[in-house]
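The values are calculated or read from the model by the stated rules, or taken from the named source; none is laboratory data. All of these numbers come straight from a predicted model, not from anything done at the bench. Cβ placement follows ideal geometry from the backbone for every residue including glycine, while neighbour counts extend to all protein chains displayed.
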Ligand SMILES: Cc1ncc(COP(=O)(O)O)c(C=O)c1O
């Protein structure tokens, strides 16, 4: 379709929605390192993961197939909000005074308000098909917990959520959303688990972390056969479910008559970033990209796993219950400062994203939250969407790109991964001038890194 001058919105018809997820593992020039068993330090097999996940998801985790079909019941639920909008931010461009063309893929139109339902729906579906009675999980921003609450309700499975204490206190309406969907929600650390009790014993006021909440959820799920655990980011299958976003964006950029010079996403565990970027990176690996492009991952300066972490095998949780993943890690005991971007407060990065950084396929930057909120505010004032604090990081990184002289006239595409309607405590803190930046906690990271397990590769 020819580009119409001034067109802002590039709506993809439902009939053009992706029917398959894209698995970047099929196209990697160098395979990613395997996940290791914490006891034997040998690569894990599907049976090792069976107490935690249903087999269809385990098989997706290790699959090398380029495309995996999206089951029809999942496609049907996706159609509540997908294809999601791709919009050119012309008012924002004007306010910035940039000649760069800034596009955003808007995932805030989903039921929970972010990209997280893209994986919650298939995870709930496969659990239902496999006979799971209850799914137990953690949530940082509350977005993932809300998404699984919605998906569990849709497929008729009980959901239990451990919500990181800082987020539980800051976002009572996230909890109310989950409870309305029939989900039970507990503040983490809690006194319901051994790991929770041990953390509270040392620090009764602990703000919690994703690493701790994961341990609590895993502890509860692993103990009962018909319960399973679900993770909202980091794992290969989760990143793969998110690729509906990038596949749609490729078609929508074609409708706009453009191809990105720079792709931007914020990174907590890495899933929204992967969702947008992996299908483009796959095109590059297969020699099908329309032109060379750069990929920028943006993380909080207070929790900078990609920019300051060590590339090593580490646990995915504080309580050392998960397998060992090779990732950029700040150490599994690292407790990030209680910034408002709760979804970005995770000590490690997805193995696939860490691997792509190691092989030079992406750039990473770390930003302070006040810069992110300033740019998020400008975006809200010009484009009318109040972003989630996590998404503010992507906006700020896109602005930095737009301001670079070499990007004059270039095309920047970022993932506006969620709205901030449940994040008004954060926005109020910003408006009242009480939002503060946290320095990189070097000494604490050094201490946490000294605790990573002794694996030969480390
Ligand atoms: C709106 C939003 N963006 C980003 C993230 C970070 O997660 P990921 O890196 O997996 O996209 C979260 C996590 O909860 C989130 O809620």
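All told, residue 401 falls short of being in a helix (DSSP H, G or I), closer than 24 Å to residue 87 by Cα, without any contact (Cβ under 8 Å) to a residue 40 or more places away in the chain and more than 12 Å from the ligand (Cβ to nearest atom).
Give me the residue from segment 203-220 that is surrounded by fewer than 24 Cβ atoms within 10 Å (Cβ to Cβ) and in contact (Cβ under 8 Å) with a residue 12 or more places away in the chain and, out of that set, farthest from residue 23 (Cα to Cα).
Let us first name the residues in segment 203-220 that are surrounded by fewer than 24 Cβ atoms within 10 Å (Cβ to Cβ), namely 203-207, 219-220.
Within this subset, residues satisfying the condition of being in contact (Cβ under 8 Å) with a residue 12 or more places away in the chain are 206-207, 219-220.
Details: 206: 38, 207: 36, 219: 29, 220: 30 Å.
Among residues in segment 203-220 that are surrounded by fewer than 24 Cβ atoms within 10 Å (Cβ to Cβ) and in contact (Cβ under 8 Å) with a residue 12 or more places away in the chain, the one farthest from residue 23 (Cα to Cα) is 206.
Yes or no: segment 368-375 includes at least one residue that is part of a helix (DSSP H, G or I), touching a strand residue (DSSP E or B) at 6+ places or on another chain (Cβ under 9 Å), within 16 Å of the ligand (Cβ to nearest atom) and closer than 24 Å to residue 205 by Cβ. Yes, some residue in segment 368-375 is part of a helix (DSSP H, G or I), touching a strand residue (DSSP E or B) at 6+ places or on another chain (Cβ under 9 Å), within 16 Å of the ligand (Cβ to nearest atom) and closer than 24 Å to residue 205 by Cβ.
Somewhere in segment 267-275, is a residue surrounded by fewer than 24 Cβ atoms within 10 Å (Cβ to Cβ) and touching a residue at least 60 places away in the same chain (Cβ under 8 Å)?
Narrowing segment 267-275 to residues surrounded by fewer than 24 Cβ atoms within 10 Å (Cβ to Cβ): none.
No, because not a single residue in segment 267-275 is surrounded by fewer than 24 Cβ atoms within 10 Å (Cβ to Cβ) and touching a residue at least 60 places away in the same chain (Cβ under 8 Å).
Would you be able to say whether some residue in segment 430-450 is in a helix (DSSP H, G or I) and modelled with pLDDT of 95 or more? Yes, segment 430-450 contains a residue that is in a helix (DSSP H, G or I) and modelled with pLDDT of 95 or more. Here is a check on your reading of the model: is residue 337 away from the ligand (no atom under 16 Å from the Cβ) and either surrounded by 17 or more Cβ atoms within 10 Å (Cβ to Cβ) or closer than 24 Å to residue 23 by Cα (or both)? For residue 337, the condition - away from the ligand (no atom under 16 Å from the Cβ) and either surrounded by 17 or more Cβ atoms within 10 Å (Cβ to Cβ) or closer than 24 Å to residue 23 by Cα (or both) - is met. Considering only segment 222-236, I want to know if a residue exists there that is more than 17 Å from the chain's Cα centre (by Cα) and over 15 Å from residue 137 (Cα atoms). The answer is yes; a qualifying residue exists. Looking only at segment 363-384, residues that are surrounded by 24 or more Cβ atoms within 10 Å (Cβ to Cβ) and more than 12 Å from residue 341 (Cβ to Cβ) come to 1 in all. Being without any contact (Cβ under 8 Å) to a residue 40 or more places away in the chain, more than 28 Å from residue 77 (Cβ to Cβ) and either surrounded by 24 or more Cβ atoms within 10 Å (Cβ to Cβ) or in contact with a strand residue (DSSP E or B) (Cβ under 6 Å, 6 or more places away or on another chain) (or both) is true of residue 189. Among the residues of segment 92-116, those that are closer than 15 Å to residue 416 by Cβ and within 16 Å of the ligand (Cβ to nearest atom) comprise 104, 105, 106, 107, 108, 109, 110, 112, 113, 114, 115, 116.
Among the residues of segment 405-429, those identified as touching a residue at least 24 places away in the same chain (Cβ under 8 Å), over 23 Å from the mean Cα position of the chain (by Cα) and in a helix (DSSP H, G or I) are 407, 429.
Checking the condition crowded, with 22+ Cβ neighbours inside 10 Å, at pLDDT 95 or above, assigned to a loop (DSSP other than H, G, I, E, B) and away from the ligand (no atom under 13 Å from the Cβ), which residue from 360, 331 passes? Give the derivation first.
Numbers: 360 fails: crowded, with 22+ Cβ neighbours inside 10 Å.
Just one listed residue meets the conditions, 331.
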